[in-house]
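First the structure, in the form of structure tokens, and then the observations on it.
What follows is calculated from the coordinates using simple rules that are stated; it is not laboratory data. The model shown is predicted, which means the values in this text are computed figures rather than measured ones. With ideal geometry, Cβ positions are generated from the backbone for all residues, glycine too; neighbour counts draw on all protein chains shown.
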Amino acid sequence: MDLFSHSSKEKMAKESPLAARMRPRTLDEYIGQDHILAEGRLLRRAIKADQLSSLIFYGPPGTGKTTLASVIANTTKSRFEILNAVLAGVKEIRQVIASAKEKWELYQRRTILFVDEVHRWNKSQQDALLPWVENGTVILIGATTENPYFSVNKALLSRSRVFQLKPLTEQNLRDVAKQAIADERGFAKVNVKLDDDALEHLVKVANGDARAVLNALELAIETTDVEKDARHITLQVAEESIQQRAVLYDQEGDCHFDTISAFIKSIRGSDPDAALYWMAKMIYAGEDPRYIFRRMLISSCEDIGLANPNAIQYVQSAAEAFERVGMPEGNFFLANAAIYLATSPKSNSALAFFDALKTVREERDSDVPNHLRDGSRDKEGFGHGVGYQYPHAFRDHWVAQQYLPDSLQGRVFYNPGRLGYEKEIAEDVNRRREEQLAAMLSGGVCEAPPEILTFSPVDKEFDRWIKRTLSQVTSQLRELRERVYEPLKVQRHFRTLVMNDDSGLLTWESLRLSPEGGTWSVAKNQRIADFIKGQCQAFNEDDSIALRMPTILIDSDQLFDDFAKDLKFELFVARNILTDNFGEKCDAILKLLANDAQISIVEAMPFYSSRLSSFIDCSDELLEKVQTAERDIYANYLNKNDLVKIAQDSFAKLTDIELNYELCDSSREIVVKDTEINRWFDLSNAKSYAAHLAEVMTTEEVEELKMIFIRQLRGKKITIKSKNLFFSINLKN
């Protein structure tokens, strides 16, 4: 590079837009996307370890896809190549591949290829890249605003981890704006006074887009005159810099299909408030009203049908009136049609036709997704369509279910009048609102299921190993594992802290349920730690799988104080921890948990176990002595009330939490062998069954009882009943 080129490059960097100058250079500077980049997450660990596999970043504009790629470029030791799918074609791909092969053959140096707007490539262009991704010549990082399950080659998709980036939170945007004012790349050399209400306006109107905040902030500062050695950004200045909220919506992508899907499902679910909201969002974003009328005409037959035969006539009349009047007054016809359909009685009798069609075409796959989002191609990846409850399957063709966004739950847009048809429907509308509100407050079915935000390609060998490991346990342990995880709402990117997992059972289940987040398992001692590590010995040489393996730690007094301060766990799972000095560790453990963490603990309850005396026949005098000794044995164990008190005391400092617990029966069958009987009657062990018997019985009586056990139980199968106490806690902000 000559002197003039260098000077020109420096000048361009200084004069580039604020959003470009403030692009983060390291992971520590990156703001937002904690679900994939927080300390301990799989992606963050992979970037730090420089062990990346092919990735696809999917999300709306301004969420940091290209920025994240540039952070990776600054972090990795591999060569980093960049292509823009709008400008590059097969020729450019071949040039990158040739260069990558050369660098690997000469220097054994990997090549990472970042492709911006990867969805712009057609199938042949994506196919040209596929073989080289598959054989590891290049590691692909693709960025796209389009749903990759629709726009990316399936073969390429199956070999990549998919990470969904979400719009930044309001706090994220505040941090972005404050960083720009304080950083030398931004306005650190300019005395800027930004009013709180001005900042809030920028944040709210930006709608999760960091670029929009920075562009508006730059315009506001550079167009404001200096007064008293400062540039004062008031609310008025902010409003002039960014005036209209941008709604994420396009005519052919996910937002279009998801929003119309939510609109129709709100009508089907008899929720006029949600129907008006989703329709208003479409109109505000510029959707063609004729398209909305067409979808309402379909709904008038599909969801309302013969329950209100006038529905199709009403919508058709509203559509014709719209054509005569136009906008903006045409909004009245749209609103009335939507309210009419949402408040009409429902019937799906027209689906009888599809039952007949199914009989004719029974061999065809007719899998149909169910939820507010259109999940026809991506339910495996993002979980779209999971959890939708079909109103026609319930009594009165209605079920309490979330239709509005979380931020608008309980919001009322439509208030039915008291005359004519509206008077007839007013009672039903208000009753349904009350039931939905009650379900929402109680955490019932009204709560929307979480969306899956990360996806990894299937490793069949690893998955088979996980399933085989989890299946090779007794039915008792299998039931215990299922019961521990049952109250938890686990997402793939959650980080899990597991304690006292002697068998590895809870550790491997965590690895299966949240492979993208990470699992940290704390063992009681070195022997148990070595046992769990030994279970994954077969994969220790595979770097890609090693990243997914749990981190095994050994319990100690200082262990939890030594954890990284930024490591926060969404799940805490433990077994038999409350009786193991938990109170002393509780504070340190709680500091490691996220604000909305979930806790599930199981405690064995020997206090309720079957007494061995119940399996034998002997004299009343001998039986009475045996039972006296057994009462002393089990008196040392805690009962349910004792453990509940320990749990309540341990979590007492936490406010606004609900401690749930349940005492469940447990049983296991054993075949009584000589080794078992000898262990019970080992007088050299001060804690053995016989040692306790010896406190109330003579040596001869103990020996007599042992012979009774041998005669009556040796070789026989007995069922030992017990109980487990399960605790579950959801922390709240």
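First measure r as the distance between the Cβ atoms of L622 and R714, then evaluate 1/(1 + (r/R0)^6) with R0 = 22 Å and state the FRET efficiency to the nearest 0.05. Intermediate values should be presented prior to the final figure.
On the way: r = 19 Å, r/R0 = 0.85.
Efficiency, rounded to the nearest 0.05: 0.75.
Starting from the Cα-Cα distance between V86 and R25, subtract it from 0.36 nm times their residue separation and give me the gain in nm to one decimal.
Values: separation 61, 0.36 × 61 = 21.96 nm, distance 2.49 nm.
The span from V86 to R25 would gain 19.5 nm if fully extended.
For the pair A635 and S688, what calculated FRET efficiency results from E = 1/(1 + (r/R0)^6), where r is the Cβ-Cβ distance and R0 = 22 Å, to the nearest 0.05?
On the way: r = 17 Å, r/R0 = 0.76.
Plugging the Cβ-Cβ distance into 1/(1 + (r/R0)^6) gives 0.85.
Quickly rank 621-627, 664-670 as a protection proxy: mean count of other C-beta atoms within 10 Å, highest first.
Output ranking for 621-627, 664-670: 621-627, 664-670.
Sort 330-341, 85-96 by the packing proxy (mean of other Cβ within 10 Å over each peptide's residues), most packed first.
Values: 330-341: 20.8, 85-96: 14.7.
The peptides rank, most packed first, as 330-341, 85-96.
Which length gain, in nm to one decimal place, applies between R679 and A98 when the Cα-Cα distance is subtracted from 0.36 nm times their residue separation? Provide the component values of the computation, followed by the final result.
Values: separation 581, 0.36 × 581 = 209.16 nm, distance 6.99 nm.
Separation in residues times 0.36 nm, less the Cα-Cα distance, equals 202.2 nm.
With 16 Å as the cut-off, how large is the P(r) tail for the range 582-674, expressed as percent of Cα-Cα pairs?
Working: 2941 of 4278 pairs.
Counting pairs separated by more than 16 Å, the tail of P(r) holds 69 percent.
Quick one, can you get me the convex hull of the C-alpha atoms of the range 676-733 expressed as volume per residue in Å³?
Working: hull volume 8.7 nm³, N = 58.
Spelled out: Cα convex hull of the range 676-733, divided by residues, is 151 Å³.
Which distance in nm do the two modelled labels at I554 and K533 give, with both placed 7 Å along the Cα-to-Cβ direction?
A separation of 0.9 nm, rounded to one decimal place.
Which of the listed residues, F150, V138, A182, is farthest toward the dipole's positive end in the range 84-192, when Lys, Arg count +1 and Asp, Glu count -1 at the beta-carbon?
So the residue furthest toward the plus end is V138.
What ranking, highest mean first, results for peptides 696-707, 166-177, 40-51 when packing means the other Cβ atoms within 10 Å averaged over each residue?
Details: 696-707: 15.2, 166-177: 19.0, 40-51: 17.5.
Final packing ranking: 166-177, 40-51, 696-707.
Compactness ratio of the range 105-174: Cα Rg over 2.2 N^0.38 Å, N = residue count?
Relative to the 2.2 N^0.38 Å estimate, the range 105-174 comes out at 1.33.
Computed FRET efficiency, Cβ-Cβ of I298 and F332, R0 22 Å: what is it to the nearest 0.05?
Details: r = 22 Å, r/R0 = 0.98.
The value I calculate is 0.55.
Evaluated at 10 °C with a viscosity of 1.306 mPa s, what Stokes-Einstein diffusion coefficient in µm²/s does the range 152-295 have when Rh comes from the Kirkwood expression over alpha-carbon pairs?
Details: Rh = 18.0 Å.
The calculation lands on 88 µm²/s.
Counting pairwise Cα distances across the range 151-218, what percent come out greater than 18 angstrom? Show your work: numbers first, answer last.
On the way: 1081 of 2278 pairs.
Percent of Cα pairs beyond 18 Å in the range 151-218: 47.
Gain in length, E323 to S614, computed as 0.36 nm per residue apart minus the alpha-carbon separation, to one decimal in nm?
Length gained, E323 through S614: 96.2 nm.
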